[in-house]
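Throughout, read-outs are computed from the coordinates displayed, never taken from laboratory work. Every value quoted in this text rests on a predicted model; they were computed, and no experiment measured them. Neighbour counts run over all protein chains shown; Cβ positions are idealised from the backbone, glycine included.
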Amino acid sequence: MFIINKIMINLIILSIVNQLNMKTNRNLTAIILIVILSGSFAALAALFPGNLLIMGLVFIPLAFMLFNLGVRKSLAYRNYFTSVSNIFTTKFRHKMIFDIPADLMFEKLVEVLQEGNHHKLTLVDMNEEKRELLAITQISMKSWGENVYIDLEEIDGETVLNFCSTTMFQVYDWGKNEKNYDALFEEIENSLTI
């Protein structure tokens, strides 16, 4: 029991530190909600001491959710979030082809994501060498937030843009992934219009 509590406390601290980096009221609300849920789950486990089934039902989903929130801002975990084996996330994928060189398209995407006029996406990580971008949405009433992964590849003189929006910890996305796609590509088209 002590080891489980220590792991949970470390996951909560990791999540809080990660969320404080965003410095928004919405994230502060999420932190408070996580702390309240953690306390409730700990109280439930205390009511049934020694019952491993209750402890597992309580702590495993909470630890999984906190892990997702803690590592969501890194491209290093892209395969984890976009994997077809991850049944706790909903994914939306789409490809687009542009007649613009990949390097120029990458710069344009960074510009669009940093302007902030689009559907509340925040650019949090990028790899210029691999032409990969990671943008996230905030936690809302409909979602624990989404990760939006974009990568570019050049094939036969054309740029192929691969888009993947994935939820954080929910099986149904309430249409949020498709809205992320529609809003982002509307902004891309507007920025490319002369």
For the structure I just gave you, tell me whether L133 is within 25 Å of P101 (Cβ to Cβ), surrounded by fewer than 14 Cβ atoms within 10 Å (Cβ to Cβ) and either over 15 Å from the mean Cα position of the chain (by Cα) or touching a residue at least 24 places away in the same chain (Cβ under 8 Å) (or both). no
Filter region 156-194 for residues that are assigned to a strand (DSSP E or B) and more than 12 Å from the chain's Cα centre (by Cα); which is farthest from D99 (Cα to Cα)? F163
Has region 180-190 got at least one residue that is out of contact with any Gly (no Cβ under 7 Å at 6 or more places or on another chain) and among the β-branched types (V, I, T)? yes
Report, by residue number, each residue of region 149-178 that is more than 30 Å from P61 (Cβ to Cβ) and in contact with a Phe, Trp or Tyr (Cβ under 6 Å, 6 or more places away or on another chain). L152, T159
Among the residues that make up region 142-150, is at least one of them under 23 Å from F67 (Cα atoms) and either among the acidic types (D, E) or surrounded by fewer than 18 Cβ atoms within 10 Å (Cβ to Cβ) (or both)? yes
I97 versus (1) in contact with a His (Cβ under 9 Å, 6 or more places away or on another chain); (2) in a strand (DSSP E or B): which is the lone unmet condition? (1)
